[in-house]
Amino acid sequence: MKLEEVVEEFMLDCRARGLSQSTLDWYEKLLGHFAAFIGSDADDITPSDCRAFMAHLHTVKAYEGHPTRDPDSKGLSNSYIHAHWRALRRLFRWSVEEELLKTNPMASIKAPKLEYKLPRVLEDHEVRALLDACSTSLSVRNRAIILLFLDTGIRVGELVGARIEDIKNSQGLLKVRGKGRKERLVPLSETVLKALRGYISHRSSGPIFLARRGTPLTAQGVRMMLRRRCEWAGLERIGPHALRHTFARNWVRRGGDLESLRRILGHASLETVRIYLRMVGNDLKAIHRRVSPVGGVGFAVQLNLWEESESCTMV
């Protein structure tokens with residue numbers, strides 16, 4: 001059986017399971033790289049072939065063939081290489097389960113090294129600079145987008161998929177359609193509600209955010225907007241996910257609990273959000289001073305009374 005046919009069957013199964021279009025596109029891209037490299041039938045693929053492909057990825061330049069980027073600038077990131085490994089593991093495990101293949105050539109291939117890096121987040125002065133850079137004719141929309149990211153931590157796909165009907169003004173909530181088409185409600189601050197109302201004041205239905213020509217705004221359009229606003233503000237280029245990380249880091253920094261953060265971000269496991277504990281660093285001391293009941297005024301006063309009582313007893 002040809003490898004392309006196996007991939008096609010796997011993608012059909014993914015579509016039948018209702019995976020999002022972005023996930024489908026991601027699988028097709030990663031598995032397409034493997035198919036182009038191997039060029040043989042699926043039955044003939046060996047663990048050595050898979051190792052050769054993984055080794056090949058370490059030699060590929062990130063912008064090879066790009067019309068404007070320097071092709072010699074850097075190689076593929078470890079996380080991108082790791083994504084290929086995960087996609088191949090999933091493909092061949094599924095192929096064996098479906099009895100399309102007899103053996104799994106990826107079964108013995110160990111995961112490539114994945115360096116741990118803290119996510120890029122914005123500090124308060126950078127957030128102010130980014131908002132101040134929204135000075136074009138689309139400034140009301142752009143500010144609303146940035147504020148919504150920072151207030152909720154939603155994904156870019158969730159943002160562009162949000163509709164005016166999803167805003168629950170009286171409850172201060174936004175209905176979000178996340179991964180796997182799962183819906184959740186995320187709270188909105190009054191500041192963000194005002195920003196949204198100011199932007200959609202003359203509309204009552206349809207997508208919240210529109211492009212310049214009135215068509216629904218795309219994820220790529222949001223990324224381009226952020227890139228231009230960063231250039232205008234003199235900031236290092238960021239993407240929508242950096243704003244998601246900024247929200248999560250600030251949530252933990254201000255004493256928010258991980259379970260509520262997990263629910264707001266739409267993650268299935270608490271383990272996914274534990275990374276933000278490592279990002280607060282020395283802020284833990286400040287959080288402790290703010291939320292500790294023993295540090296409150298009431299306890300301090302009570303402690304003074306106890307000390308005075310002890311002094312009187314000793315006398």
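The values are calculated or read from the model by the stated rules, or taken from the named source; none is laboratory data. These numbers were taken from a predicted model, which means no experiment stands behind them. Reconstructed Cβ throughout: ideal geometry from the backbone, glycine too, with neighbour counts over all protein chains shown.
One table, with the values for the structure above:
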{"read-out": "Qualifying residues in region 14-54 (those that are over 25 Å from the mean Cα position of the chain (by Cα) and among the charged types (D, E, K, R)) - the one farthest from residue 109 (Cα to Cα)", "value": "41"}
{"read-out": "Enumeration of residues in region 92-105 that are surrounded by 14 or more Cβ atoms within 10 Å (Cβ to Cβ) and either touching a residue at least 60 places away in the same chain (Cβ under 8 Å) or farther than 20 Å from residue 13 by Cα (or both)", "value": "94, 95, 100, 101, 105"}
{"read-out": "Among (1) farther than 30 Å from residue 278 by Cβ; (2) of a type in the set (Phe, Trp, Tyr); (3) loosely packed, with under 12 Cβ neighbours inside 10 Å, the one test that residue 53 misses", "value": "(3)"}
{"read-out": "Test for residue 181: is it farther than 23 Å from residue 249 by Cβ, modelled with pLDDT under 95, touching a strand residue (DSSP E or B) at 6+ places or on another chain (Cβ under 6 Å) and surrounded by fewer than 20 Cβ atoms within 10 Å (Cβ to Cβ)", "value": "no"}
{"read-out": "Residues that are touching a Leu at 6+ places or on another chain (Cβ under 7 Å), among the small types (Gly, Ala, Ser) and part of a helix (DSSP H, G or I), drawn from region 104-155", "value": "129, 144"}
{"read-out": "Of all residues making up region 188-230, the number that are polar (S, T, N, Q) and under 22 Å from residue 129 (Cβ atoms)", "value": "2"}
{"read-out": "Residues of region 196-221 satisfying the condition of being β-branched (Val, Ile, Thr) and either touching a Pro at 6+ places or on another chain (Cβ under 6 Å) or exposed (fewer than 14 other Cβ atoms within 10 Å of the Cβ) (or both)", "value": "215"}
{"read-out": "Filter result for residue 137 (at pLDDT below 90 and among the small types (Gly, Ala, Ser))", "value": "yes"}
{"read-out": "Qualifying residue in region 136-145 (condition: farther than 22 Å from residue 201 by Cβ and touching a Phe, Trp or Tyr at 6+ places or on another chain (Cβ under 8 Å))", "value": "no"}
{"read-out": "Options 277, 305, 270; residue that is surrounded by fewer than 17 Cβ atoms within 10 Å (Cβ to Cβ), out of contact with any Pro (no Cβ under 9 Å at 6 or more places or on another chain) and at pLDDT below 75", "value": "305"}
{"read-out": "Neighbours by Cβ (under 9 Å, 6+ apart or cross-chain): first from region 159-175, at pLDDT 95 or above; second of a type in the set (S, T, N, Q) and assigned to a strand (DSSP E or B)", "value": "none"}
{"read-out": "When residues of region 14-45 are limited to those that are among the acidic types (Asp, Glu) and touching a helix residue (DSSP H, G or I) at 6+ places or on another chain (Cβ under 7 Å), the one surrounded by the most Cβ atoms within 10 Å (Cβ to Cβ)", "value": "28"}
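Conditions (1) more than 27 Å from the chain's Cα centre (by Cα); (2) not hydrophobic (A, V, I, L, M, F, W, C), marked per residue:
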| position | (1), (2) |
| --- | --- |
| 85 | no, no |
| 89 | no, yes |
| 105 | yes, yes |
| 111 | no, no |
| 114 | no, no |
| 120 | no, yes |
| 123 | no, yes |
| 126 | no, yes |
